Amino acid sequence: MKPKSSRFYLSLAIAVIICGAFLIYRVTKQSPASTTTQAQITEKNQATKATTAKKTTNSESTTMQTPIDWQKSSETKPYPDLDQVNDFWVKVDLKKNRTYLMSGDKVIYTMYSSGGSYHHDEETGKYESYTPTGTFYIEPERGDSFYNASLNEGANNWVSFKDHGIYLFHSVPTDASGNYNVKEAKKLGKKAASHGCIRLSVPDSKWMSENLKTGTKVVING
């Protein structure tokens, strides 16, 4: 066999260099397009998440009574049938002025509420609500109405969750004659306002008084 000349190897080397340069050029040229595509995908995913979040927010807001009306139920949909609810409990968020009816980790109904006013606790040095926080359980005590002469305030549709008649879920407040205090009622769902109980709209408080079974768990955060 006749040996290949040096010119052959030189030609081969040049061909390899040309091919390599061409591949580098292709990768470099396509890279911005790939980057652009990835950026478009990322942007699209973010837009999808934003749309989903917006739908969730809108979905919640469309079932809530707006503006807040203390004479109506908090949501336009019916109250849940607790016989059909698994792992039912109640969650109160004092800072958000909301009370949530829960099925496990899922919120099944949201109520406008107002808990205890915030004050500076000299013992702890913290800014705290007059409503106790923690885990409690609905107690047997409940009734149609009450009036506390020392506070010059009463309410309707009450049910106790702590200290057997001291801390309650109840309606917006009433006066000595049983009339609703409209000025206080207008604070519902907007600010903390009570002496420690959880205020609710009139229909919401009635439903809670009639449907919360003794022993139902109540978790209060704030």
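The values are calculated or read from the model by the stated rules, or taken from the named source; none is laboratory data. It should be emphasised that the depicted structure is a prediction, and the values quoted were computed from it without experimental measurement. Because the Cβ atoms are built from the backbone with ideal geometry, glycine has one as well, and the counts that use them run over all protein chains shown. To get the accessible areas, we keep the full protein, side chains included, count just its heavy atoms, and leave off ligands, DNA and RNA. Shrake-Rupley method; radii C 1.70, N 1.55, O 1.52, S 1.80 Å.
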Roughly how much of residue 163 is accessible, in Å² to the nearest 10, using a 1.4 Å probe? 80 Å²
Can you compute 3J(HN,Hα) from phi for each residue in the stretch 144-155, using the Karplus curve 6.51 cos²θ - 1.76 cosθ + 1.60 with θ = phi - 60°, rounded to whole Hz and x for Gly and Pro? 7, 6, 7, 9, 9, 5, 5, 9, 6, 7, x, 6
For residue 100, what charge total do you get from the other residues with a beta carbon under 10 Å from its beta carbon, if Lys and Arg give +1 and Asp and Glu give -1? +3
Under the rule a/c < 1.5 gives rounded, and otherwise a/b versus b/c splits prolate from oblate, where does the stretch 64-222 land using the Cα gyration tensor? rounded
Using every alpha carbon pair in the stretch 137-198, what percent of pairs falls into each 5 Å bin from 0 up to the bin containing the largest distance? 4, 19, 29, 27, 15, 5, 0
For a protection proxy built on the mean count of beta-carbon atoms within 10 angstrom, sort 64-74, 114-124 highest first, please. 64-74, 114-124
